[in-house]
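A short write-up of the structure that comes next.
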């Protein structure tokens, strides 16, 4: 028992780079308990937001246990966590791509579960490999045909690729599996709107809202359909009824500002943009507020928000 514990501790240290070139390396590769200890260490590091530690251990672990799907999956998770720490999408992209490579290896070295296939597909989509993601969602659906999540995610990915006939088919399967879920119906609404059928889009999203009347996101989907029908006053009634805590999101703000502008009230549109910019604290939201104030004819407010944008960069 003492020898096993010592071996496990050594491998954890080894995976952190403490004794990689020592004689314990060969023994560690043959010690399943030590590998499990390293996996626990990665999970612990991720749970406590010690992402660099988790990544360092995971990178060593896949060298120690290259045939372990779980090791590659843990590396993928650590890389995803690292990507979320980056300042912007450009900086995050290399980590997202590396995470997809790790998940691709994870599903290649064993018999992947539906859950692993789904996670790999989501990771692929995050890395820009949407076509590969679709195939993985289909594999997940085949492995777990009772889950609506797989065809739902496949349908959303297919829609992003403009493969809308296939998207509709996948979303209909999801709706049949889980008729109480609003999300397949809402996605079908978005497809209808993308094809210029605003009345059908509105009918579908209202069906979705009946399934979940409390969902703010579905209000935004309904607002888009109403905007396409030039029913701007209804957009404002729908979204201004939200509590303030739910109203100040980018999507809701965009629809409120657009409705005000379409009705000729550019001052209210600018005030909506400015209210959001005060809360979001991003340079882009400040620039949007400046543009809106320009459109409203208030050069002083526009200049003020441009200064704010410059300070936030």
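The values are calculated or read from the model by the stated rules, or taken from the named source; none is laboratory data. Just so it is clear, the model here is predicted, and its values are computed rather than measured. Methodologically, a virtual Cβ is constructed for each residue, glycine included, from the backbone with ideal geometry; neighbour enumeration extends over all protein chains shown.
Of note:
- Residues of the stretch 4-57 satisfying the condition of being under 22 Å from residue 95 (Cα atoms) and modelled with pLDDT under 50: 15, 16, 17
- Residue satisfying condition, being under 17 Å from residue 108 (Cα atoms), assigned to a helix (DSSP H, G or I) and touching a helix residue (DSSP H, G or I) at 6+ places or on another chain (Cβ under 8 Å), within set 75, 46, 79, 55: 75
- Scanning the stretch 82-92 for residues that are touching a helix residue (DSSP H, G or I) at 6+ places or on another chain (Cβ under 8 Å) and either part of a helix (DSSP H, G or I) or in contact (Cβ under 8 Å) with a residue 12 or more places away in the chain (or both) yields 82, 83, 84, 85, 92.
- Selected residue (criterion: nearest to the chain's Cα centre (by Cα)) from residues of the stretch 265-284 that are outside any helix (DSSP H, G or I) and either outside the structural domain of residue 296 (by TED's automatic domain parsing) or modelled with pLDDT under 95 (or both): 282
- Filter pass, residue 251 being within 26 Å of the chain's Cα centre (by Cα), closer than 27 Å to residue 216 by Cβ and part of a helix (DSSP H, G or I): yes
- Among the candidates 132, 101, residue that is assigned by TED's automatic domain parsing to the domain that holds residue 57, in a helix (DSSP H, G or I), surrounded by fewer than 19 Cβ atoms within 10 Å (Cβ to Cβ) and more than 16 Å from the chain's Cα centre (by Cα): 101
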